[in-house]
């Protein structure tokens, strides 16, 4: 069955990126309990890819290193830790459309945190976030079609 | 076997990023077991003395993260060679009791040499200041060897 990226998936990712926990919790409760790739997963990766291209248009590794360090400092000790090597690999993977080798499933999931941090830095208005998600959704449909 | 003048000269060349001189001296070093232990001790000691010069027990985690990122961002091959979390732990371990046994010996060696060099460069150590640094590291290395 093809993976579909629905309006609900877009709303879920928008709510996550806006850090609207009051709305997010019940939405997470509606997510299917599955390890299969679904619309949420595809959209989150597509949004991450789009966000990395916006932030690192030249693919400058030094900028990526500094960004990851900046994120870890901003998140502080109390937030779940990010593996910096994994985070750098994920960003490079997104920019180069290559597989991030040697990462655990937990480390691969760090792209969701990085996406949130990238968007936080962008300080997008609601309209800009909607436009960003439109682009990400288009990317997600291409990714879903290739699965 | 204590640290020799040849070992100090080799480490000096490395810390000053004199690649040709380092390669020449390194190739000529005594490769006996005791000499290799002394050389390794000098690298470890140079790293410790450099870290103690740059940081202190009061240095925050964030300062170490920031410095490691800055050093790794300088070179195109450094990101691959230097694992950031391992680098941060190695630096912090100079001031705390945290074990770094899980870090591969080759990675440890790379981290020690790169960051000793980076700190010597950042601190602008030349001439007598560099000689004082090397003398301190040599004494520590001899103490480590016992």
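Conditions tested, residue by residue: (1) within 14 Å of another protein chain (Cβ to nearest Cβ); (2) closer than 25 Å to residue A:103 by Cα; (3) buried (at least 21 other Cβ atoms within 10 Å of the Cβ); (4) touching a residue at least 12 places away in the same chain (Cβ under 8 Å).
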| residue | (1), (2), (3), (4) |
| --- | --- |
| B:70 | yes, yes, no, no |
| B:75 | yes, yes, no, no |
| B:81 | yes, yes, no, yes |
| B:86 | yes, yes, no, yes |
| B:115 | no, no, yes, yes |
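Is it the case that some residue within the stretch A:78-85 is within 20 Å of residue B:71 (Cα to Cα), more than 10 Å from the chain's Cα centre (by Cα) and free of Cβ contacts under 8 Å to residues at least 12 places away in the same chain?
Within the stretch A:78-85, one or more residues are within 20 Å of residue B:71 (Cα to Cα), more than 10 Å from the chain's Cα centre (by Cα) and free of Cβ contacts under 8 Å to residues at least 12 places away in the same chain.
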With criteria (1) more than 10 Å from every other protein chain (Cβ to nearest Cβ); (2) crowded, with 16+ Cβ neighbours inside 10 Å; (3) assigned to a loop (DSSP other than H, G, I, E, B), residue A:82 comes up short on (1)
Output for the stretch A:96-111, where each listed residue is in a helix (DSSP H, G or I) and either surrounded by 19 or more Cβ atoms within 10 Å (Cβ to Cβ) or without any contact (Cβ under 8 Å) to a residue 12 or more places away in the chain (or both): A:105, A:106, A:110, A:111
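Considering only the stretch B:34-65, how many residues are within 14 Å of chain A (Cβ to nearest Cβ) and crowded, with 16+ Cβ neighbours inside 10 Å?
Narrowing the stretch B:34-65 to residues within 14 Å of chain A (Cβ to nearest Cβ): B:59-65.
Cutting the leftovers down to crowded, with 16+ Cβ neighbours inside 10 Å gives us B:59, B:64-65.
The qualifying residues number 3.
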Tally, over the stretch A:31-65, of residues that are away from chain B (no Cβ under 14 Å), in a loop (DSSP other than H, G, I, E, B) and modelled with pLDDT of 90 or more: 1
If we scan the stretch A:68-75, do we find a residue that is surrounded by 14 or more Cβ atoms within 10 Å (Cβ to Cβ) and over 21 Å from residue B:65 (Cα atoms)? no
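The values are calculated or read from the model by the stated rules, or taken from the named source; none is laboratory data. Everything numeric in this text was worked out from a predicted model, so none of it was measured. Neighbour counts run over all protein chains shown; Cβ positions are idealised from the backbone, glycine included.
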